[in-house]
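Report on the following structure.
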Amino acid sequence: MSRGMRKAYGTYWNRIIERWGPRRLDEPKPIDIEAFAAEIRANAKVRANSRGGRSAAEHCVAAFRCLYKRAVADELITADRDPAARVAKPRRAPTNRRALSDSRLEDIYEAAASSGDDPELDSLIVRLHVETACRRGGALALRPEDLDTEQCLTQLHEKGGTSRWQPVSPTLMSYLLGHGQRRGATPGTPLLRYRDGRALTYRRYDGLFHRLRRQLPWAASINLSAHWLRHTTLTWVERNYGEAVSRRYAGHAETGSSDAGTIAIYTKAELEEVAAALAMLTQEPHPLAPPHT
């Protein structure tokens, strides 16, 4: 399994082993899996952004499906005996995220740059997410060779094994280059690093956003995370440059997802349009943006 899949489903697989380890794969029925997921939902940890355990139940069912999909592929059971395939995932609740206002983005920048043990790093993380709308995994996977200094592009490697070239401002590019050089990033290794040269991990995000939530009361009330920054940028792009550019900006343009609708097949944005949106967002010229931007 991939690292991301283990991270998403590992907890549920461990629970399945604890509860059903001695059972045969063909013993559980769909109703057993439904009851298992219901229990997971009822006992889900309550957080500021909790949705009644619905996400936990959804991930539990997905973990069962993943397990049984491999069991069928390895011919341990037949497809018609797969109980997980007949269990519906709980319907996902609408997101409660919304675009942050300019004043709140300023609050985040100021708090990141004026607190913690490495304000330079935290400010760089915030700016990277605001400009590129990348996911945490994309930022952590960034390497020195993923920086195209001539065209001001970063290659983001994100979930599902996808990658895309994403425009960044000349200012952010210079910050990324300087950061990597000062902190000892070498080709083939992560670019973002602590002061002592260690590669960044998800723990830095946990600490950063925990601190922001502690310092900014409004951030605590919405359980601020890096994904709020992605949501904010993509909302701004969609409002000002349309859905096609927003999809490309998010890295969704080539996914083929039916969620975007049939029209998405015919309305694919070009990289130059993403660069134009970024130039307007940052108020900096970009090498790939049309001259009039």
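Among the residues of segment 42-86, which ones are at pLDDT 90 or above, surrounded by 13 or more Cβ atoms within 10 Å (Cβ to Cβ) and either charged (D, E, K, R) or in contact with a strand residue (DSSP E or B) (Cβ under 8 Å, 6 or more places away or on another chain) (or both)?
Selection gives Glu58, Arg65, Lys69, Arg81, Asp82.
For segment 114-182, which helices (runs of 4 or more DSSP H) that fit wholly inside it have 3 or more residues that are under 15 Å from the mean Cα position of the chain (by Cα)?
Filter on segment 114-182 gives 119-132, 136-140.
Out of Arg104, Arg98, which single residue is surrounded by fewer than 18 Cβ atoms within 10 Å (Cβ to Cβ), in a helix (DSSP H, G or I) and in contact (Cβ under 8 Å) with a residue 60 or more places away in the chain? Even if it seems obvious, please write down each step before you answer.
Working: Arg98 fails: in a helix (DSSP H, G or I).
Every option except Arg104 fails the conditions.
Can you confirm whether segment 74-84 contains a residue that is in a helix (DSSP H, G or I), over 22 Å from the mean Cα position of the chain (by Cα) and of a type in the set (Val, Ile, Thr)? Quick ask: steps written out before the conclusion?
Taking segment 74-84 first, the residues in a helix (DSSP H, G or I) are 79-81, 84.
Restricting the remaining residues to those that are over 22 Å from the mean Cα position of the chain (by Cα) gives 79-81, 84.
The next check asks that each one be of a type in the set (Val, Ile, Thr); those that pass are none.
Scanning segment 74-84, I find no residue that is in a helix (DSSP H, G or I), over 22 Å from the mean Cα position of the chain (by Cα) and of a type in the set (Val, Ile, Thr), so the answer is no.
With respect to the numbered conditions (1) surrounded by 13 or more Cβ atoms within 10 Å (Cβ to Cβ); (2) under 20 Å from Pro287 (Cβ atoms); (3) not aromatic (Phe, Trp, Tyr), which one is the sole condition not fulfilled by Thr149?
(1)
Mind checking whether some residue in segment 190-201 is assigned by TED's automatic domain parsing to the domain that holds Arg127, in a helix (DSSP H, G or I) and touching a residue at least 24 places away in the same chain (Cβ under 8 Å)?
First pass over segment 190-201, keeping only residues assigned by TED's automatic domain parsing to the domain that holds Arg127: 190-201.
Still in the list and also in a helix (DSSP H, G or I): none.
No, every residue in segment 190-201 fails to be assigned by TED's automatic domain parsing to the domain that holds Arg127, in a helix (DSSP H, G or I) and touching a residue at least 24 places away in the same chain (Cβ under 8 Å).
Would you check which residues across segment 268-293 are among the hydroxyl-bearing types (Ser, Thr, Tyr) and at pLDDT 70 or above and list them? So that I can check it myself, show each step before the final result.
Start the filter on segment 268-293 by keeping residues that are among the hydroxyl-bearing types (Ser, Thr, Tyr), which leaves 282, 293.
The one that is among the hydroxyl-bearing types (Ser, Thr, Tyr) and at pLDDT 70 or above: Thr282.
Would you say Thr186 is at pLDDT 95 or above, assigned by TED's automatic domain parsing to the domain that holds Ser225 and part of a loop (DSSP other than H, G, I, E, B)? Explain how you work it out, then say what you get.
Details: at pLDDT 95 or above: yes; assigned by TED's automatic domain parsing to the domain that holds Ser225: yes; part of a loop (DSSP other than H, G, I, E, B): yes.
Yes.
Cβ-Cβ below 6 Å, separation at least six or inter-chain, first residue in segment 244-273 and part of a helix (DSSP H, G or I), second at pLDDT below 95 and polar (S, T, N, Q): which pairs?
Ala244/Thr267
State whether one or more residues within segment 104-127 are out of contact with any strand residue (DSSP E or B) (no Cβ under 6 Å at 6 or more places or on another chain), at pLDDT 95 or above and more than 19 Å from His210 (Cα to Cα).
Taking every residue of segment 104-127 in turn, none turns out to be out of contact with any strand residue (DSSP E or B) (no Cβ under 6 Å at 6 or more places or on another chain), at pLDDT 95 or above and more than 19 Å from His210 (Cα to Cα).
Scan Leu208, Leu212 and give me the residue that is aliphatic (A, V, I, L, M) and touching a Gly at 6+ places or on another chain (Cβ under 9 Å). Lay out the reasoning, then the answer.
Details: Leu212 fails: touching a Gly at 6+ places or on another chain (Cβ under 9 Å).
Residue meeting the stated conditions: Leu208.
The values are calculated or read from the model by the stated rules, or taken from the named source; none is laboratory data. The shown structure was predicted, so the numbers you read here are calculated from the model rather than taken from an experiment. Counting neighbours? That spans all protein chains shown, and the Cβs are built from the backbone with ideal geometry, glycine included.
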